[in-house]
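The values are calculated or read from the model by the stated rules, or taken from the named source; none is laboratory data. This structure is a prediction, so every number in the text was calculated from the model and none was measured. Counting neighbours? That spans all protein chains shown, and the Cβs are built from the backbone with ideal geometry, glycine included.
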């Protein structure tokens, strides 16, 4: 007597968060107010079913199961846990945040999957080599091309421009000017001015700057000196109205 064949089908879940979202959507639960006790029972029951069918459990399923059991135990026997910064650890809040983030990525992935399916139904344009040859030669005059202009001809014009640019004889050269300024150099200059004038206002800093670039370096130097507590600052009304002076320790 031949043995009968039984086929068992299980829902396929990509990970533990996918399984948790299934339970939440199935029971129409509020993701912000998850009944931990019920979710834990359902989650562990699914893991036991997988084990009974000799399905190897991934480590992330076991980790989430242990997290759910920790949350459930903490609700039954409240005992605060703290991190290295003495902040209380809320495992349930962290789990909800991870679920919300996973749900967001899952929804975006579904939208991208639809785009992928639509893209797979399209065919690429054939005879591309002929199109490129036509674009590179450019035998037609401008008047002939503009007489019946369409998207295809626009593509040919763009391809011709890019081809001519990439195969140009004279390369484009860019000149980069290196200014002879450093923060440390301008800090020393600001310190010398403060030593001479006792106080230095915004207008004096601008006046002692040769150009805009040096002015930026001067301003950054002032900020760093304030941070290092080398200067005192007094701020007046309006914009760009302040004075700096040497800080006395």
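So that you can scan it fast, the table gives a plain yes or no per residue for (1) modelled with pLDDT of 85 or more; (2) closer than 28 Å to residue 168 by Cβ; (3) touching a helix residue (DSSP H, G or I) at 6+ places or on another chain (Cβ under 9 Å); (4) loosely packed, with under 10 Cβ neighbours inside 10 Å:
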residue	(1), (2), (3), (4)
126	no, no, no, yes
129	no, yes, no, yes
134	no, yes, yes, no
145	no, yes, yes, no
Subject >> residue 65 being in the same structural domain as residue 107 (by TED's automatic domain parsing), at pLDDT 65 or above and under 32 Å from the mean Cα position of the chain (by Cα) >> reply: yes
Original post:
What is the number of the single condition among (1) over 15 Å from residue 242 (Cβ atoms); (2) touching a residue at least 12 places away in the same chain (Cβ under 8 Å) that residue 188 does not meet?
Top reply: (2)
